[in-house]
Amino acid sequence: MILAVSGGFVSADEEIDPAERIHSLEVEYEIRRDGTVVFEQRFLLGVAGAAIRRGPLLSYLTVFQGPGGLILDNELEILDVRRDGEPEPFHVKRGEGFLSLYVGEPDRLLEHRDHRYLVRGRMEADWRRGEGEFSTAFDVVGSLPTLPIDEASVVVRLPEGVAPSRFTPSVSGVDPAAERNGPAWNMREEGRATVVRTTAAMGRNRSFFVNLAWPSETFATKSHWLKVMRQHPRLPLAGFSAILLVWALLLLVRRVVRA
């Protein structure tokens, strides 16, 4: 994760105003049968003009390992950004393996108070294909500014009729005393959704992941090879050239045998 970018992220050793924190975070992921994932982030952000001045900067990892060990991009796109219920200006920059979302206007400073943000986005399937199952992981807090988080929750929805075979949350960065009675989270099922909610505040050096898997026979997804051909166009050309070479060699051997 990027930790030091002006406007949204703060370096790990930089002092911050106690008023600047993420009071609450709610994230929803919906995995669809067509191989896309739509997500929505809602967070209440305290602004005091120290680390956050014009708006938060969010950074999303976009690369994953595809077939044959190839590195692919999940083609994440931001669909909508809102602040306090109204559309908020934003722009994105794509880097090698990540997307940065700059929220706010460069010539406007935010009022020093709590602001409620909503970010909607969509990405292509980036899950791994194992023996008899698909699996993936969601980084719930990694895209956000490195500020303390008072409470966070995540909802993951699979297609109708599909149940996870494994679902494992992981939360770190909470007060050690809060973990003495068990994990700093609780989990429940709500229809086809799995909900995980933290039970303790997290500091700046924190993480919140959910890892899940489901039987591969439950629903089919688009092949990653279409994405391979689009993102690595030289590979299909190299494969076609190899086929032509083999075909030419076979013709040559055939003529030699006939002679």
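Structural remarks
- Taking strands (runs of 3 or more DSSP E) as the structural unit, those lying wholly within the stretch 114-159 and holding at least 1 residues that are of a type in the set (Val, Ile, Thr) correspond to 114-124, 133-139, 152-157.
- Selection from the stretch 88-113 of residues that are closer than 20 Å to residue 40 by Cα, charged (D, E, K, R) and in a loop (DSSP other than H, G, I, E, B): 88
- Tally of residues being part of a strand (DSSP E or B) and within 22 Å of residue 208 (Cα to Cα) across the stretch 41-72: 14
- When residues in the stretch 165-176 are screened for being of a type outside the set (A, V, I, L, M) and buried (at least 19 other Cβ atoms within 10 Å of the Cβ), 1 of them pass.
- Taking (1) closer than 12 Å to residue 58 by Cβ; (2) open to solvent by less than 70 Å² (accessible area, probe 1.4 Å); (3) among the charged types (D, E, K, R) in turn, residue 93 satisfies each apart from (2).
- Conditions (1) assigned to a strand (DSSP E or B); (2) open to solvent by 30 Å² or more (accessible area, probe 1.4 Å); (3) of a type outside the set (Val, Ile, Thr); number of the one not met by residue 217: (1)
- Qualifying residue in the stretch 136-148 (condition: farther than 22 Å from residue 65 by Cα, in contact with a Gly (Cβ under 6 Å, 6 or more places away or on another chain), touching a residue at least 60 places away in the same chain (Cβ under 8 Å) and surrounded by fewer than 21 Cβ atoms within 10 Å (Cβ to Cβ)): yes
- Screening residue 162 on (1) farther than 28 Å from residue 98 by Cα; (2) assigned to a strand (DSSP E or B); (3) open to solvent by less than 30 Å² (accessible area, probe 1.4 Å) shows it passes everything except condition (2).
- Failed criterion for residue 123 (all others in (1) open to solvent by 80 Å² or more (accessible area, probe 1.4 Å); (2) touching a residue at least 60 places away in the same chain (Cβ under 8 Å); (3) within 24 Å of residue 73 (Cβ to Cβ) hold): (1)
- Of residues in the stretch 13-32 being at pLDDT 90 or above and of a type in the set (D, E, K, R), the one most open to solvent (accessible area, probe 1.4 Å): 32
The values are calculated or read from the model by the stated rules, or taken from the named source; none is laboratory data. Predicted model only: the values in this text are computed from it and were never measured. For neighbour counting, all protein chains shown are included, and Cβ atoms are generated from backbone atoms with ideal geometry for every residue, glycine included. Just so you know, the surface numbers come from the protein's heavy atoms only, side chains and all, with ligands and any DNA or RNA stripped out. Shrake-Rupley method; radii C 1.70, N 1.55, O 1.52, S 1.80 Å.
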